[in-house]
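Undergrad: Structure below; questions to follow.
Readers should treat all values here as calculations from the given coordinates under stated rules, not as data from a laboratory. This structure is a prediction, so every number in the text was calculated from the model and none was measured. Cβ placement follows ideal geometry from the backbone for every residue including glycine, while neighbour counts extend to all protein chains displayed.
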Amino acid sequence: MNRGMFSKLLIPTMALALIATPAMAAKKQPVKIGLLYALSGLAAVYTKGTVIGHQIAAEEINAAGGVLGGRKIKFVVRDNKLKPGIAVKEFRRLVTRDKVDFVMGVISSGVALAVSQVAKEMKVLFVDTIAQTAALTGEQGHDYVVRTNTNTTVMGRTAALAASKGPWKSYYFIGPDYEYGHRVNADFWEFLQTKRGDVSKKGDLWPKLGERDYSAHITALLNAKPDAVFSSLWGGDLIAFIKQANAYGLFDKLQFISTGAGDLDILKPLGKEMPDGIMATYFYAFDTNPVKMAQNKKFIAEFKKRAGYLPKSGDVIGYVSTYMMAQAMNAAGAADSKSMSKALRGAKFDTLLGDVEIRKIDGQATFAYHAGFTYVDPKYPFKRLKDVTRAEGMDVLRTKMEVEKARAMYNKKGS
């Protein structure tokens, strides 16, 4: 072969190499996912375990070959300090500086609503994993927000479904004075009235988030003498309320119905101080939920090894959500926000917790939810739940007509 012929062959070959190499390299670049949680302060006890759940799932996925033909999942973790302004700033930094493909996280409903608006503005997918307000995917829903959890409607309506079976007719309400508290209390009350025509409301109490002295609230509840109290207090607030109310004998005098009180983040810290007979709702129970038990046991063992305790609801959501995103990426053939948003809506997922769908109309997942009554199980140093009512997500979520009506009213108010 002469030199001229060799040169003619070499130039195209080198050109092909220059074109192919970046493309091949790009396929092996990790998928970068932002995790935006309140990792300090009030919520840290919940969110740190959620991050561990995300990490366990990602490591399993990566070990099995990754996503999109061999790309690994890599997380970029940021602390929003439970403040909307900081969360918005960190979301922008994750996108513009860290170049993440999309963002998952948050625990506060108020933070979630703020983050959702910037996600809409930037056209970057926001996957809400813990925050519960139904408004996020309902009234204020848009193409770049989905939720891989239950919401306030599911929580409130599941509790109402269980409460409708009881004898209680008069209700008093207590909840934290912000979006989540007001929303879940309203969801409970509106749905209960559709199930029972003989119920009445005696009043509402709205302590500030982080309240530590509930003596005035407890006294007001006792003086009102309702048949039942519905509570949307959560976390440290709920623990403080129960401890203080025990001293007043409140739980012997009325039925207490509490969202989230059946989760381990409440049951374990209270231990024997958790009264028997409280109606408590919960998302995940390590020992009773209808789940894929082999995968569940494997997850529990790995989580306990890393965290030192049994996984809570938020922890399993981090794990399950990561698997859902991996499945969606493979279905979309890409990890960009536009492709993922389209692939997620209407998709069905085979998860540790069973079959789940993300609805087309609002990007809301259809996870089931539960309500049971606390009792002593000698196998554990904390209370467990019995006489459980399980509500499938599709049965208690708002209908398509309800979502459209809520959005129309919200848009009208906004204009």
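Undergrad: Hull surface divided by four, with the convex hull built on the Cα atoms of the chain: how many nm²?
TA: Averaged projected hull area, Cα only: 24.2 nm².
Undergrad: Between 0 and 90 degrees, rounded to the nearest ten: what's the tilt of helix 235-248 against the longest Cα principal axis of the chain?
TA: With rounding to tens, the tilt is 10 degrees.
Undergrad: Shifting gears a bit: Convex hull volume of the Cα atoms in the stretch 90-208, per residue, in Å³?
TA: 96
Undergrad: Any idea what the alpha-carbon Rg over 2.2 N^0.38 Å comes to for the stretch 241-303?
TA: Taking the Cα Rg and dividing by 2.2 N^0.38 Å, one obtains 1.36.
Undergrad: Under 10 Å, Cα contacts only: if you run a Gaussian network model on the chain, which one of ALA160, ALA114, ALA294 comes out with the highest mean-square fluctuation?
TA: Looking only at ALA160, ALA114, ALA294, the biggest GNM fluctuation is shown by ALA294.
Undergrad: Now, a different point. Report the net charge of residues surrounding ASP355, where surrounding means a beta-carbon distance below 13 angstrom and charges are Lys +1, Arg +1, Asp -1, Glu -1.
TA: Charge balance near ASP355 sits at -1.
Undergrad: Whole-Hz ³J(HN,Hα) for each residue in the stretch 51-64, computed from phi via Karplus 6.51 cos²θ - 1.76 cosθ + 1.60 with θ = phi - 60°, x for glycine and proline: what do you get?
TA: Taking θ as phi minus 60°, the curve returns 4, 4, x, 4, 5, 4, 4, 4, 5, 5, 5, 4, 5, 8 Hz for the stretch 51-64.
Undergrad: Any idea what the relative contact order of the chain is, in percent, if you count C-alpha pairs under 8 Å spaced at least 6 apart?
TA: Normalised by residue count, the contact order of the chain is 18 percent.
Undergrad: To the nearest 10 degrees, how steeply does helix 84-96 sit against the main Cα axis of the chain, on a 0 to 90 scale?
TA: Compared with the principal axis, the helix lies near 20 degrees.
Undergrad: Can you list the residues, at least 5 places off or on another chain, whose amide H is less than 5 Å from the amide H of VAL388, using H built in the peptide plane?
TA: Here nothing satisfies the definition.
Undergrad: Right, next: With the Cα gyration tensor of the stretch 51-141 in hand, give its eigenvalues times 5 under a square root as the equivalent ellipsoid semi-axes, listed largest first in whole angstrom. Could the numbers behind the result be given before it?
TA: Details: eigenvalues 120, 41, 33 Å².
One finds semi-axes of 24, 14, 13 Å for the stretch 51-141.
Undergrad: Top mean-square fluctuation among LYS32, LYS348, LYS225, Gaussian network model of the chain, C-alpha springs under 10 Å?
TA: Comparing LYS32, LYS348, LYS225 in the GNM, the peak value goes to LYS225.
Undergrad: How large is Rg over Rh for the stretch 160-213, taking Rg from the Cα atoms and Rh as the Kirkwood inverse mean of 1/r across Cα pairs?
TA: 1.02
Undergrad: What FRET efficiency comes out for the pair ASP276/SER215, r = Cβ-Cβ distance, R0 = 22 Å, nearest 0.05?
TA: 0.40
Undergrad: Next up: Starting from the amide H of VAL76, placed 1.01 Å from N in the peptide plane, find each other amide H under 5 Å away whose residue is 5 or more places distant or on another chain.
TA: Here ILE33, GLY34, LEU35 satisfy the definition.
Undergrad: Give or take rounding to whole Å, what are the principal axis extents of the alpha carbon atoms in the stretch 356-406, in descending order?
TA: 47, 17, 13
Undergrad: Ok, one more. Suppose every Lys and Arg Cβ carries +1 and every Asp and Glu Cβ carries -1, with no other charges. What dipole size does the stretch 366-415 come out with about its Cα centre, to the nearest 20 debye? Present the calculation step by step, with values, prior to reporting the outcome.
TA: Values: 11 positive and 6 negative charges, 45 e Å.
For this selection, approximately 220 debye.
Undergrad: Also, quick follow-up: Let me know the charge dipole size of the stretch 188-297 about its Cα centre in debye, to the nearest 20, where only the beta-carbon of Lys, Arg (+1) and Asp, Glu (-1) is charged.
TA: 100
Undergrad: Along the stretch 209-225, what does the Karplus equation 6.51 cos²θ - 1.76 cosθ + 1.60 (θ = phi - 60°) give for ³J(HN,Hα), rounded to whole Hz, x for Gly and Pro?
TA: For the stretch 209-225, the Karplus-derived couplings read 4, x, 4, 10, 10, 9, 4, 5, 5, 5, 4, 5, 5, 5, 5, 6, 6 Hz, x marking Gly and Pro.
Undergrad: State the Kirkwood hydrodynamic radius of the stretch 280-415 in Å, one decimal place, computed from all pairs of distinct Cα atoms.
TA: After inverting the pairwise mean of 1/r, the radius is 17.2 Å.
Undergrad: Give the angle, between 0 and 90 degrees and rounded to the nearest 10, that separates the Cα long axis of helix 109-122 from the longest principal axis of the Cα atoms of the chain.
TA: 30
Undergrad: With no solvent and one point on each alpha carbon, what is the Debye value of log10 I(q)/I(0) for the stretch 272-331 at q = 0.14, 0.19, 0.20 Å⁻¹?
TA: Normalising to I(0) and taking log10 leaves -0.51, -0.83, -0.89.
Undergrad: Report Rg(Cα)/(2.2 N^0.38 Å) for the stretch 231-339, keeping two decimals.
TA: Compactness ratio reported: 1.37.
Undergrad: Right, here's the next one. Quick check on the chain: helices-only [θ] at 222 nm, where DSSP H runs of length 4 and up contribute -39,500 (n - 2.57) each and the sum goes over total residues. Nearest 500, please.
TA: -15500 deg cm²/dmol
Undergrad: Applying 1/(1 + (r/R0)^6) with R0 = 22 Å to the Cβ-Cβ distance of GLU59 and ASP98, what FRET efficiency is obtained, to the nearest 0.05?
TA: 0.65
Undergrad: Let me ask you something else. Using a Förster distance of 35 Å, how high is the FRET efficiency between LYS120 and ARG306, based on the Cβ-Cβ distance and rounded to 0.05? Present the calculation step by step, with values, prior to reporting the outcome.
TA: Numbers: r = 35 Å, r/R0 = 1.00.
Computed FRET efficiency for LYS120 and ARG306 comes out at 0.50.
Undergrad: Now, a different point. Tally the DSSP beta bridges in the chain and give the antiparallel ones as a percent, rounded to 5. If you can, show how the numbers build up before the last one.
TA: Working: 16 of 49 bridges.
So the antiparallel bridges amount to about 35 percent of the total.
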